[in-house]
Amino acid sequence: MIQGQHFSDRPVAQMPVIVKLGIGGSNPSRGTQYRKHMEIESVQHSNIEESEMGQLHSLHLSMNAIAAVQALIKTGPSLAECEDCGEDIPEARQAAVSGCTTCIHCQAVRERR
């Protein structure tokens, strides 16, 4: 093992062969210790991968939810008159809310439904 480098930093396939084979030099129990260490490292590595996959899945679901909300947001020019009551929509509202089609009062009524 390179000094300062941990096995968890690398995939199992990239670990030194001497460690993967469990060769322990002059101490026969040392090879067994390395094998046990490798099994623990392998389980920990697997748990990290599962955790990362869970995080990716959550991110995917969040992005889909955001896309669904964005699809509901109207874009484009705002109407000059409310499509519900026919009253003029103030220019400040038209500028502030892209694609607005209702006056403030009618929008509040829609949101209460």
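A short reminder: the numbers here are calculations on the coordinates, not readings from a lab. In this text the structure is predicted, and so the values were computed from the model without any measurement. Here the Cβ is made from the backbone with ideal geometry for all residues, glycine too, and neighbour counts use every protein chain on show.
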Check your understanding: Could you give the length gained on full extension between Ser51 and Arg113, defined as 0.36 nm per residue of separation minus the Cα-Cα distance, in nm?
Key -> 18.3 nm
Review point. If you average 1/r over all unlike Cα pairs in the range 74-113 and invert the result, what Kirkwood radius do you get in angstrom?
Key: 9.9 Å
Practice item. Within 10 Å, count the other beta carbons around each residue, average over each peptide in 69-77, 95-103, 55-63, and list them highest first. Key: 95-103, 55-63, 69-77
